[in-house]
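For reference, the structure is listed below as structure tokens.
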Amino acid sequence: MSSTGLDWKVALAKRGGTSFSAGKPKGSVHVETTERGRETISVPARVAKLLDAKQKAGELEPESRAELMYEVKRVSLASAKRRLAELVDKRDYASHEAARKLRLDGYGSQVTSEAVAWAEDAGLIDNGRFADVFIRTKLAAGWGQRRIERELGERGISIVSFGVITFIRSSVIRSGVRPKKIAMAIIKRTEAITCRIISLFLGENDFGSTHSILAPGYMCKKMSFHWPTMLFGTTYRFFF
């Protein structure tokens with residue numbers, strides 16, 4: 001063991017070394033210290049290559065385990081950011097599926113969260129943009145609302161909490177029918193979503209299942225006699 005009490009080496013990933021279900025092949029960092037003994041830390045294949053190159057070039061000479069762990073995370077985060085940039089260069093991604101890609105590559109949860117947050121701040125990932133494009137594309141392909149909602153849900157996007165206007169705007173752009181039928185479809189769609197949001201709110205605030213189910217229905221039934229005209233006017237100005 002070295003005079004610093006730290007020895008470490010990088011093992012590169014072996015092709016075909018893991019099953020498909022386990023994700024991509026991963027490299028590892030073998031660490032030995034006087035305090036902790038021997039440890040093996042799994043890292044993504046590209047991170048292993050970067051660490052190995054830096055060690056051989058003499059660019060990475062940590063004097064403690066803590067310093068080594070800091071450098072491993074720093075290199076991992078930089079690598080994860082580059083990976084996200086490569087992914088979105090090919091097609092748009094929602095944050096949930098981008099994070100899933102990083103995890104399959106072997107990046108840890110903290111590095112994944114920080115990298116996705118960076119991509120969102122930089123505008124590389126935008127759930128609103130993704131949903132808008134996804135909805136337009138799938139509507140044009142003949143998909144129905146339920147299937148679109150299900151597929152977006154699998155990508156971590158909820159129409160209830162996020163995509164009302166996106167769905168409406170996409171439907172209007174696609175539709176050849178003008179104001180009256182579109183407005184009535186919007187009223188029906190938005191009323192249903194409003195009731196669901198109210199129900200979720202009541203349930204989360206401990207009003208009980210009975211109130212959470214019955215109260216929104218009663219409210220929306222009363223609202224339906226008063227708000228269509230107002231909503232039609234607002235919708236018309238907003239879209240046309």
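The values are calculated or read from the model by the stated rules, or taken from the named source; none is laboratory data. Computed from a prediction, not measured in an experiment: that's the story for all the values here. Here Cβ is always computed from backbone atoms with ideal geometry, including for glycine, and neighbour counts include all displayed protein chains. Quick note on the areas: whole protein, heavy atoms, side chains included, nothing else; ligands and nucleic acids left out. Shrake-Rupley method; radii C 1.70, N 1.55, O 1.52, S 1.80 Å.
Of the residues Glu63, Glu86, which is open to solvent by 10 Å² or more (accessible area, probe 1.4 Å) and touching a strand residue (DSSP E or B) at 6+ places or on another chain (Cβ under 8 Å)?
Details: Glu86 fails: touching a strand residue (DSSP E or B) at 6+ places or on another chain (Cβ under 8 Å).
Glu63 is the lone residue from the list that is open to solvent by 10 Å² or more (accessible area, probe 1.4 Å) and touching a strand residue (DSSP E or B) at 6+ places or on another chain (Cβ under 8 Å).
Note on segment 91-120: among residues that are assigned to a loop (DSSP other than H, G, I, E, B) and within 22 Å of Gly153 (Cα to Cα), the one that is most open to solvent (accessible area, probe 1.4 Å) is Arg91. Scanning segment 121-132 for residues being assigned to a helix (DSSP H, G or I) and surrounded by 15 or more Cβ atoms within 10 Å (Cβ to Cβ) gives a total of 4.
Looking only at residues of segment 24-51 that are open to solvent by less than 20 Å² (accessible area, probe 1.4 Å) and assigned to a helix (DSSP H, G or I), we find that the one that is nearest to Lys14 (Cα to Cα) is Ala48. Applying a threshold of 6 Å to beta carbon distances and a minimum spacing of six or more residues, or different chains, the list of pairs starting in segment 125-146 at a residue that is free of Cβ contacts under 8 Å to residues at least 24 places away in the same chain and ending at one that is in a helix (DSSP H, G or I) reads Lys138/Ile148.
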